[in-house]
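This report concerns only the one structure given below.
Values in this text are rule-based calculations from the coordinates and carry no lab data. If you're wondering where the values come from, they're calculated on a predicted model, not measured in any experiment. Cβ placement follows ideal geometry from the backbone for every residue including glycine, while neighbour counts extend to all protein chains displayed.
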Amino acid sequence: MITIKNTFSKIYICIVFLFLYFPIGTLIAFSFNASKSRAVWSGFTLHWYKTLFADGETLKAIQNTFIIASTASILATIIGTAAAIGILKLTKWPRKIIMNITNLPMVNPEIVTGISFMLLFTIIQKSTGLLEQGILTLIISHTTFCLPYVILSVLPKLRQVNFSIYEAALDLGCTPFRAFVKVVLRDIMPGIITGAIMAFTLSIDDFVVSYFTSGATQTLSISIYSMSKRSISPEINALSSILFLLILALLLVVNFRKSEEAPKEIS
């Protein structure tokens, strides 16, 4: 009976993975197809990748995406780490209230978040003449929805810190800042790095919020959407493949780090 259950569970998992990743595998394979046809394989080529990187608009979208993702992940990491330290010092009920408020961007539908930001930036722009939608508004919105993920990555590490060592460092003559850097920051650094990678991944991957707050600025996700509206070109396959492999690599790094940290926490 147990053997039958195990067999069915393995078959079920295989079917789920097939439905999830077979379309992506097909997309990656046809990004190397010499023909423009999406149904006929006519030979291996790198032509569509060369064409993609010869396109000035695409290169500009890639540049914008990395500028936004890098800036937003750095800001979210700094603010999120400081917020996690502050949240840890709160008493039980204030901590719960703040955490619920902080987690709202995670549970809120992206389209609601995107429209809310669009309305906010439009009101600010019309009333003050400042904050025209573009890279700055994208950075602000991306930083906001990445914050909870950084906080949730840093908080567990903060709970593991032995603050008596920090107090001992103060007693031995360290300044509060030096003691924090040498003791606390060193211990929570794995959580900070994981949070930063997650923020970078989420920022690169985002479409909905970016669509409503980008103005005339193009990011990779918006560029792919624009390509799909004009015509179905193999360049879309190439660009989508690069984006998928980049996100996959970052997620593998995050999971690898977590798997390395787990045995240390148990020991």
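Here are some notes:
- If the chain linking Ser42 and Ile67 were pulled fully straight, counting 0.36 nm for each residue of separation and taking away their Cα-Cα distance, it would gain 5.3 nm.
- The chain: angle of helix 186-205 to the longest principal axis, Cα-based, in degrees nearest 10: 30
- With Cα atoms defining each centre, the range 113-146 and the range 38-102 are spaced 17 Å apart in the structure.
- Label point distance in nm, Ala249-Asn100, each placed 7 Å from Cα along Cα→Cβ: 4.2
- Across the range 82-87, computed HN-Hα scalar couplings (Karplus, 6.51 cos²θ - 1.76 cosθ + 1.60, θ = phi - 60°) run 4, 5, 4, 5, x, 5 Hz from first to last residue, x flagging Gly and Pro.
- Rg/Rg_globular for the range 5-58, with Rg_globular taken as 2.2 N^0.38 Å and Rg from C-alpha atoms: 1.67
- In this rough spin-label picture, where each label sits 7 Å from Cα along the Cβ direction, the Ile24-Lys92 distance is 4.2 nm.
- Over the chain, dividing the summed -39,500 (n - 2.57) contributions of all DSSP H runs of at least 4 residues by the number of residues returns a 222 nm mean residue ellipticity of -26500 deg cm²/dmol.
- The range 30-70 - convex hull of alpha carbons, volume per residue in Å³: 79
- Its residues counted as N, the chain yields a C-alpha radius of gyration over 2.2 N^0.38 Å of 1.24.
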